[in-house]
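Okay, structure first, notes after.
Read the figures in this text as sums done on the coordinates, not as results from a lab. Since the structure is predicted, the reported quantities are computational estimates derived from the model, not experimental observations. Ideal geometry is used to build each Cβ from the backbone, glycine not excepted, and the neighbour counts take in all protein chains shown.
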Amino acid sequence: MPARRLPPQIHVFVRDWLSANHVLLKSRDGHVLVDSGYGRHAPLTLALLRTARGLGGEPLAWLVNTHCHSDHIGGNAAIAAHYGCPIAIPEGEAAAVLRWDERALLLGYADQTVERFAFASVLVPGSSHVWGDLEWLALAAPGHDMGALVFYNPEHGILISGDALWQQGFGLVMPPAIDPAALPATRRTLEMLAALEVRMVIPGHGEPFGDVHAALDRAFRRLASFEADPLRAARYALKALLSFTLLDRRRLPLAGMAEYVERVGVYRDFNATFFQLPPQRFADTLIGELRSAGAVREEDGWLLPA
Ligand SMILES: [Zn+2]
């Protein structure tokens, strides 16, 4: 089902892999925005919101988040400052955001930075909300992020899935040795989503899509491959994290990669847990895998996204 068949008060700003998509739910009772994108792209996010497809000059009533990773909350502070709107986050994220837990939020721990923001309210799993004149159920969707929510509108069968389900898979999931709850939670979440009547998914990244069964099939297959081989989940997570950082920085000096994987917590922990390699060899292995996957290239001493 193409995006044009979404109800007219739903506006999806499809972004990229660095900035999560924004979903604007418009209503005379107040407009609500789901997810704010990546921090460095906040000026573009604000420009998109100012367009006629966005808010024009109208106020924003609420900013809500599916989960609290840098590509979904990066624009929170800028949008709240610009529109003076309150922010609501999933209840399961509140403790980590309150203490600004750089590890749980995959911030400093994954070499990510987000401007700190305050939230006014939490979204409780199982609660229902009227946004854009539609009823949305906030459903717990742990796995990629253990506090994540998805928002489901039963009337139209629309699912705002965040990173719990994409057309090709889902967001990185921590392997059992790092978080033993993550893979089982991912399975429960996919099973929960499979039991919903979904006709259109608005994912956190990529275009909205209608073929939910095929997407779930792919997601279950990826999950099964991670369950069968936790090291595969670890490698996938590392590659996703480093590719993400490269999208942000645009390039990293190859000569500094050993120091980088030693300094940034997530790489250090994964190496200690899964690989036990000297930093240079660990960096070379990681870069080699990204190169074989066609995700990076090397040029004049720099590592660049392919
Ligand atoms: Zn994301």
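Counting only residues that are within 16 Å of the ligand (Cβ to nearest atom) and either among the aliphatic types (A, V, I, L, M) or surrounded by fewer than 24 Cβ atoms within 10 Å (Cβ to Cβ) (or both), how many does segment 148-170 have?
The number of residues fulfilling the criteria is 11.
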Original post:
Is there any pair linking a residue in segment 74-102 that is at negative phi to one that is among the acidic types (Asp, Glu) and buried (at least 19 other Cβ atoms within 10 Å of the Cβ), with Cβ under 8 Å and at least six apart or on different chains, and which?
Top reply: Glu93/Asp145
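Filter segment 31-44 for residues that are away from the ligand (no atom under 15 Å from the Cβ) and farther than 15 Å from His11 by Cβ; which is surrounded by the most Cβ atoms within 10 Å (Cβ to Cβ)? Working first, answer last.
Filtering segment 31-44 down to residues away from the ligand (no atom under 15 Å from the Cβ) leaves 31-33, 42-44.
Subset that is farther than 15 Å from His11 by Cβ: 42-44.
On the way: Ala42: 21, Pro43: 10, Leu44: 15.
Taking the candidates together, the pick is Ala42.
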Original post:
Within segment 127-147, how many residues turn out to be in a strand (DSSP E or B) and either within 19 Å of Ala219 (Cα to Cα) or in contact with a helix residue (DSSP H, G or I) (Cβ under 7 Å, 6 or more places away or on another chain) (or both)?
Top reply: 2
Original post:
Can we say Asp133 is charged (D, E, K, R) and within 16 Å of the ligand (Cβ to nearest atom)?
Top reply: no
Subject >> Residue count for segment 45-73, restricted to those that are touching a residue at least 24 places away in the same chain (Cβ under 8 Å) and within 18 Å of Arg15 (Cβ to Cβ) >> reply: 19
Subject >> Hits in segment 295-306 - residues which are more than 14 Å from Phe244 (Cα to Cα) and either out of contact with any Pro (no Cβ under 8 Å at 6 or more places or on another chain) or among the charged types (D, E, K, R) (or both) >> reply: Arg297, Glu298, Glu299, Asp300
Original post:
Within segment 158-176, can one find any residue that is in contact (Cβ under 8 Å) with a residue 12 or more places away in the chain, within 21 Å of Gly92 (Cβ to Cβ) and over 16 Å from the mean Cα position of the chain (by Cα)?
Top reply: yes
Subject >> Failed item in (1) crowded, with 20+ Cβ neighbours inside 10 Å; (2) more than 14 Å from the ligand (Cβ to nearest atom); (3) within 19 Å of Gly206 (Cα to Cα), with Leu48 passing the rest >> reply: (1)
Subject >> Condition met for Ile178 (among the β-branched types (Val, Ile, Thr), touching a Phe, Trp or Tyr at 6+ places or on another chain (Cβ under 8 Å) and over 29 Å from Gln9 (Cα atoms)) >> reply: yes
